[in-house]
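Remarks on the structure that follows.
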Amino acid sequence: MPTPPPTSRTPAADGADGAPYSALSHLECPRCGRQLDAHVLQGLCPCGSPLLVRYDLAGLVRASYAPSALAGRAPDLWRYHEVLPVQSPGAVVTLGEGMTPLLPLPRVGERVGVRRLLVKDEGLLPTGSFKARGAAVGVSRAAELGATALSMPTNGNAGAAWAAYAARAGLPLHVAMPLDAPSVTRVEVTATGARLTLVDGHIGEAGGWLARHRPEGVTDVSTLKEPYRIEGKKTMALEVAEQLGWRMPDVVVYPTGGGVGLIGMHKAFHELLELGWVTGDVPRFVAVQSTGCAPVVEAFDAGAEQVRPWAAPRTVAFGITVPAPLGDRLVLHALRDSGGTAVAVDDAELLADLRLVGELEGLFASPEGAATVSAVRRLRASGWLGEDDEVLVLNTGSGLVYPDTVPVAAPTVAPGD
Ligand SMILES: *Cc1c(COP(=O)(O)O)cnc(C)c1O
Ligand SMILES: [Zn+2]
């Protein structure tokens, strides 16, 4: 699979001929259609919906923006700066995120009956999860628009990522995290200097606590309450298309919590179609959740347009424990628009697949990533997936963040035995 060679970052004027550094145009509400100014800090639409970022894609086409524009750019997500919101290279806050490996999983694929099974391994990103993508773009844009302090609730990985990028931007950040979120993420948040509060409840309750304690002037960067995380996470789709030689896979299997990356990837494939960089059908999207917290699956199966909040969420796949995702309508739309589906898997199943992927392929996956393999097995068994479908699963984090998923049974011997 062609991965571009590493090069140093080229400065300002490396847009395509005549193309601006960023083709950012405005913010748009997918629910009520309202358009908002993208050049000031914005939260939710006044109607309560998350906002989507729009670009002048037609202008980029007129300016001959083509894949050749990427040649020689660094192998990080900023290589797609024309379709990212940050307005100048000087405003980019980076830890080198992006262009993660796209790997075939031939042995696991054989076990589950899918010949062309691919994984995008996001565990290699700074802070150990793909939350780095959303944080890189979200923090860069918040700082560029003049935010002076940030706060957010998190299930762990987002807090770790935003803390790292906030530190790099010199912005103070206050993170509220459930008490039972992966403990290493507390260490990550603390190591990078954010203020941490542990809340004895789930992520929704952590958000509620922060809302009551947030001082004036602190920008709320909760999931989907600012428009730019989606743009960071959409770069997974841009990279996959580039790594496949400007092609889209048939199916994308996504471990869904807030659904940010699913919304973003679906959006990015449509943007690539509009740019004319790919052709054909957008991949069928599969939202994978845990049976311990499956509001999107329940809503999808019921034909509903929004979720009912899940009572008592509980799963080892902490990153997908989101009882009431704010982007529910957008996620459900992406699933239906693409001819996709939604699947819940249980913890025993995903932990068994975590072991399988480790033993057969050498990849120590996160529980969320492992859940996508369990979903592929189920969908193949039911006939929803065909043997010849090209299926992309996302390993959204490193197994290293969850050291308790694999029990170790090693004998201890004395050195002289
Ligand atoms: C946050 C998270 C998810 C869910 O991501 P969304 O885009 O919010 O649905 C999945 N896996 C891991 C490891 C995460 O940290
Ligand atoms: Zn609206």
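Brief remarks on what is shown
- Averaging the sequence gap over all C-alpha pairs within less than 8 Å and six or more residues apart, then dividing by the number of residues, gives the chain a relative contact order of 17 percent.
- Cα centroid of the stretch 314-331 to Cα centroid of the stretch 50-114, whole Å: 25 Å
- Beta bridges by DSSP in the chain, antiparallel share as percent, to the nearest 5: 30 percent
- Each residue in Leu57, Leu179 was given a count of other beta-carbon atoms within 10 angstrom of its own, and listing them fewest first yields Leu179, Leu57.
- Sorted by Cβ density within 10 Å, fewest first, the residues Val282, Val406: Val406, Val282
- Within the chain, longest stretch clear of exposed GluC sites (Glu not before Pro) (DSSP loop, no more than 12 other Cβ within 10 Å): 1-215
- Sequence-separation-based contact order of the stretch 184-262, relative, with Cα cut under 8 Å and 6+ spacing, percent: 20 percent
- Selected from Val282, Pro295, Leu326, residue furthest toward positive end of dipole (the chain; charges at beta carbon): Leu326
- For the stretch 24-91, the Kirkwood radius over C-alpha pairs fed into Stokes-Einstein at 10 °C and 1.306 mPa s yields D = 116 µm² per second.
- Two-decimal Rg to Rh for the chain - Kirkwood Rh, Cα set: 0.95
- Relative contact order, percent, the stretch 24-91 [alpha-carbon distance under 8 Å, six or more residues apart]: 31 percent
Any read-out appearing in this document is the output of simple, stated calculations on the displayed coordinates, not a laboratory observation. Values in this document were obtained by computation on a predicted structure and should not be read as measured data. Using ideal geometry, Cβ is built from the backbone for each residue, glycine included, and neighbour counts are taken over all protein chains shown.
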